[in-house]
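> Sharing a structure, written as structure tokens. Questions coming.
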Amino acid sequence: MFKNNTIKGIITFTMAAMLVFTAACGNTNEGSANKAPNNATTNNATAGTPTTEPVADSEVKLSGEIKIDGSSTVFPITEAVAEEFNVVHGDVRVPVGVSGTGGGMEQFIAGEIAIVDASRPMKDKEAEAAKTAGIEHTQVTVAYDGLSVVISKDNDFIDHLTIEELTKIFSVEGNATNWSDIRAEWPAKPIVIYSPGADSGTYDYFAEVALKDVTMKTDGVTFSEDDNTLVTGVAGTPNGIGYFGFAYYEANKDSLKVVPIDGGNGPVTPSFDTIKDSSYSPLSRELHIYVNNAEMARPEVAEFMKFYVQNAGELSAEVGYVGLPDEMYTEQLAKVEALIK
């Protein structure tokens, strides 16, 4: 009897020990399961659904809104960057407007947007207005563009234009009404002009390079901040001529001709190579974004600016522009990172 009771006691003790050991192991595993490894898929306890969003370097889930407006030329790059950024950070909204560089600068100086797209450098009067408003800012260069002069596919007489001829075509002082006013052998047909609006950085750059100290025509000229409107207008007008960023020509070259420009060393056609090596002169230019330095205190803005510079080269090429040399992107990234507190 004593023997049986002893055996029962040993069995009972052993079973109890096993239960305690199992429970302890179970608690250890449960604690480990609550700590997701870096970049692993985790469960959203609030929504009750799994998410596979990549985790940012800081392991902080970003949210909020980053308002951007400005140049229609820079828009395709910024839109592409915003879309890719949203794949990684789905809770951050990045609306991108196209009010032109001048219109974007007005909003930027008023503190209404965090970033402005600019197809030209900030003007002195804009920089002074920003200073007065207490807006400290940083210029970041993102790509190269070749401002492209275009004509209809039906135009069979223009083979190239000089800068002097561009000045005559587009200026009041040029007194050119018909194409025969530019070259006597060209037809006596009216010159029909399509141009970006006065708020556009493209307008400003063209006026600076091609018109210099003369006045842009306004009578009979179709102005639009929408480059697609300009594309449609020129394509449908045999005697028409217009200009806009290289990407819009690339996207519409089936319905447009691009005009080689003689800047003094013979006619050069804009292309990825001639824009990058600056032989397409003087209509090659840098494209920029400006960020409000104070906005860089917001993690989503800081991360977006880094993402922009790190991906601008590849995405610029995808939308028809020319990326900067790698060393220039390294310099731009250093400028951005210096703003992050």
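> Considering only residues that are open to solvent by less than 30 Å² (accessible area, probe 1.4 Å), under 18 Å from Glu164 (Cα atoms) and hydroxyl-bearing (Ser, Thr, Tyr), which ones fall in the range 271-285?
Across the range 271-285, the qualifying residues are Tyr280, Ser284.
> Quick check, is Glu225 farther than 15 Å from Ile169 by Cβ, among the acidic types (Asp, Glu) and in contact with a strand residue (DSSP E or B) (Cβ under 6 Å, 6 or more places away or on another chain)?
Working: farther than 15 Å from Ile169 by Cβ: yes; among the acidic types (Asp, Glu): yes; in contact with a strand residue (DSSP E or B) (Cβ under 6 Å, 6 or more places away or on another chain): no.
Here the answer is no, as Glu225 does not meet what is asked.
> Next question, about the same structure. Quick check, is Asp69 open to solvent by less than 40 Å² (accessible area, probe 1.4 Å) and without any contact (Cβ under 8 Å) to a residue 60 or more places away in the chain?
When the stated conditions are applied, Asp69 passes them.
> Let me ask something else about it. When Ser195 is evaluated against the numbered criteria (1) surrounded by 20 or more Cβ atoms within 10 Å (Cβ to Cβ); (2) over 21 Å from Ala235 (Cα atoms), which criterion, by number, is the only one it fails?
Among (1) surrounded by 20 or more Cβ atoms within 10 Å (Cβ to Cβ); (2) over 21 Å from Ala235 (Cα atoms), Ser195 violates only (2).
> On to the next question. Evaluate the range 74-85: report whether one residue or more is under 13 Å from the mean Cα position of the chain (by Cα), farther than 18 Å from Lys306 by Cβ and polar (S, T, N, Q).
Checked against the condition, which is being under 13 Å from the mean Cα position of the chain (by Cα), farther than 18 Å from Lys306 by Cβ and polar (S, T, N, Q), the range 74-85 yields no hits at all.
> Out of the residues in the range 209-229 meeting the condition of being more than 23 Å from the chain's Cα centre (by Cα) and assigned to a helix (DSSP H, G or I), tell me which one is surrounded by the most Cβ atoms within 10 Å (Cβ to Cβ).
Selected residue: Ala210.
> Next question, about the same structure. Looking at (1) under 21 Å from the mean Cα position of the chain (by Cα); (2) modelled with pLDDT under 95, can you tell me which one Thr138 breaks?
Of the numbered conditions (1) under 21 Å from the mean Cα position of the chain (by Cα); (2) modelled with pLDDT under 95, the odd one out for Thr138 is (2).
> Can you list the strands (runs of 3 or more DSSP E) found entirely within the range 230-341 that contain at least 1 residues being among the charged types (D, E, K, R) and within 20 Å of the chain's Cα centre (by Cα)?
Result: 284-292.
Residue by residue, here is whether (1) open to solvent by less than 60 Å² (accessible area, probe 1.4 Å); (2) of a type outside the set (Ser, Thr, Tyr); (3) outside any loop (DSSP other than H, G, I, E, B); (4) under 29 Å from Glu318 (Cα atoms) holds:
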site	(1), (2), (3), (4)
Phe108	yes, yes, yes, yes
Asp117	yes, yes, yes, yes
Ala129	yes, yes, yes, no
Asp145	yes, yes, yes, yes
Ile151	yes, yes, yes, yes
Ile158	yes, yes, no, no
Glu173	no, yes, no, no
Ala184	no, yes, no, no
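> For Ile163, all conditions in the list (1) buried (at least 19 other Cβ atoms within 10 Å of the Cβ); (2) touching a residue at least 60 places away in the same chain (Cβ under 8 Å); (3) closer than 23 Å to Pro121 by Cβ hold save one; what is the number of the exception?
Exception for Ile163: condition (1).
The values are calculated or read from the model by the stated rules, or taken from the named source; none is laboratory data. None of the values given here were measured: they were computed from a predicted structure. A quick note on method: Cβ atoms are made from the backbone with ideal geometry, for glycine too, and the neighbour counts reach across all protein chains shown. To get the accessible areas, we keep the full protein, side chains included, count just its heavy atoms, and leave off ligands, DNA and RNA. Shrake-Rupley method; radii C 1.70, N 1.55, O 1.52, S 1.80 Å.
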